[in-house]
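Peer 1: Just passing along the structure, written as structure tokens.
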Amino acid sequence: MEIIEYADKYKEWVNSLIARLQNFERTIESDRLPGEEMTEKYLDHIVSECRKKDGKIYVAKMGEEIVGFVSAWVENGKGYVVSEKEQWLYVSDIFVAPEFRGKSIATLLIDHMESYAKESKAKSIQFDVLAKNIGMRSLAQKLDYEEYEIRFRKKL
């Protein structure tokens with residue numbers, strides 16, 4: 001198993017993983033679009049943000065199969081008036097196919113992003129997690145991430 005940078009030749013694999021991530025999120029939040037409806041536009045969005053904001057996408061490759069990915073880009077804090085204007089790495093997505101979990105692949109993907117964050121002179125790494133995504137919340141805490149902001153929502 002190796003962690004490598006995303007290339008267009010992995011597009012189909014990553015689109016499939018995005019669809020699986022989205023469909024998982026739909027099981028815990030019903031407002032999510034079906035994965036198959038949004039994957040291509042969403043991957044285009046991630047790639048665009050990475051290009052504009054000095055980001056990276058890493059994939060976990062096992063044999064010839066892509067089994068996970070992580071995407072992130074640099075945010076610089078410009079325009080923020082309520083906190084220090086520090087540079088951070090925003091992780092937009094991380095996902096490992098369920099059949100490959102329990103092999104520390106997510107940890108390896110995050111380790112690669114942490115190394116990239118240090119290279120980028122980021123002061124922190126931040127990401128959002130659905131409140132009901134207990135697995136990701138547990139992993140984040142295990143890796144010494146702390147809750148930073150909590151968003152509340154009321155459906156109308």
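The values are calculated or read from the model by the stated rules, or taken from the named source; none is laboratory data. Model, not experiment: these values are computed from the prediction. Backbone-built Cβ (ideal geometry, glycine too); neighbour counts: all protein chains shown.
Peer 1: For the stretch 65-75, check the following and say yes or no: at least one residue is exposed (fewer than 14 other Cβ atoms within 10 Å of the Cβ) and either modelled with pLDDT under 95 or not aliphatic (A, V, I, L, M) (or both).
Peer 2: Yes.
Peer 1: Answer with yes or no whether residue 116 is out of contact with any Asp or Glu (no Cβ under 7 Å at 6 or more places or on another chain), hydroxyl-bearing (Ser, Thr, Tyr) and modelled with pLDDT of 95 or more.
Peer 2: yes
Peer 1: Whether any residue in the stretch 78-96 is under 17 Å from residue 2 (Cβ atoms), of a type outside the set (Asp, Glu), at pLDDT 95 or above and surrounded by fewer than 16 Cβ atoms within 10 Å (Cβ to Cβ) is what I want to check.
Peer 2: No; the residues of the stretch 78-96 include none that is under 17 Å from residue 2 (Cβ atoms), of a type outside the set (Asp, Glu), at pLDDT 95 or above and surrounded by fewer than 16 Cβ atoms within 10 Å (Cβ to Cβ).
Peer 1: Next up: Using the structure shown, decide if residue 90 is touching a residue at least 24 places away in the same chain (Cβ under 8 Å), over 18 Å from residue 126 (Cβ atoms) and among the hydroxyl-bearing types (Ser, Thr, Tyr). Even if it seems obvious, please write down each step before you answer.
Peer 2: Details: touching a residue at least 24 places away in the same chain (Cβ under 8 Å): yes; over 18 Å from residue 126 (Cβ atoms): no; among the hydroxyl-bearing types (Ser, Thr, Tyr): yes.
Taking the combined requirement at face value, the residue does not satisfy it.
Peer 1: Same structure again: Anything in the stretch 25-60 that is among the charged types (D, E, K, R) and touching a helix residue (DSSP H, G or I) at 6+ places or on another chain (Cβ under 8 Å)? List them, or say none.
Peer 2: Listed by number, the residues that qualify are 26, 32, 36, 40, 56.
Peer 1: Are any residues in the stretch 3-56 over 30 Å from residue 76 (Cβ atoms) and of a type in the set (S, T, N, Q), and if so, which ones?
Peer 2: 16, 23, 27, 30
Peer 1: Go through (1) within 19 Å of residue 7 (Cα to Cα); (2) touching a helix residue (DSSP H, G or I) at 6+ places or on another chain (Cβ under 7 Å); (3) of a type outside the set (A, V, I, L, M) and name the single condition residue 132 misses.
Peer 2: For residue 132, the failing item is (1).
Peer 1: Here's a follow-up. Being of a type in the set (A, V, I, L, M), closer than 27 Å to residue 142 by Cα and surrounded by fewer than 14 Cβ atoms within 10 Å (Cβ to Cβ) narrows it down to one of 4, 110, so name that one.
Peer 2: 4
Peer 1: Hey, another quick one. Could you list all residues from the stretch 26-36 that are exposed (fewer than 12 other Cβ atoms within 10 Å of the Cβ) and either modelled with pLDDT under 95 or not in a helix (DSSP H, G or I) (or both)?
Peer 2: 30, 31, 34
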